[in-house]
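Comments concern the structure below.
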Amino acid sequence: MIIALVIGFLIGAACRWFDIPVPAPPQLLGVFLIMSITVGYLLTDKFIAARAAARSAMRGADRIELSTKEHNRN
């Protein structure tokens, strides 16, 4: 993460030094936009992973319940 920050800083500095348009919005609003996109991506990733884990756990609980019922029948 530190390497990414250093590279980002160097790209921004180089763009300013050589008067090249910055590949991102040069305003604070642009920073918030990029940060909110990243946070939204990470939160959605965690939500999807938690949902998949819950489904997997439910399937496992169903199998245990079914095997217990079958065992009790015998």
Along region 32-41, Karplus-curve 3J(HN,Hα) (6.51, -1.76, 1.60; θ = phi - 60°) to the nearest Hz, with x for Gly and Pro, reads 5, 5, 5, 5, 5, 5, 5, 5, x, 4
If R0 is 30 Å, what FRET efficiency do you get for residue 14 and residue 49 from their C-beta distance, rounded to 0.05?
0.20
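Readers should treat all values here as calculations from the given coordinates under stated rules, not as data from a laboratory. No experiment lies behind these values; they were computed from the predicted model shown. Heads up, the Cβs are rebuilt from the backbone with ideal geometry, glycines too, and the neighbour counts pull from every protein chain shown.
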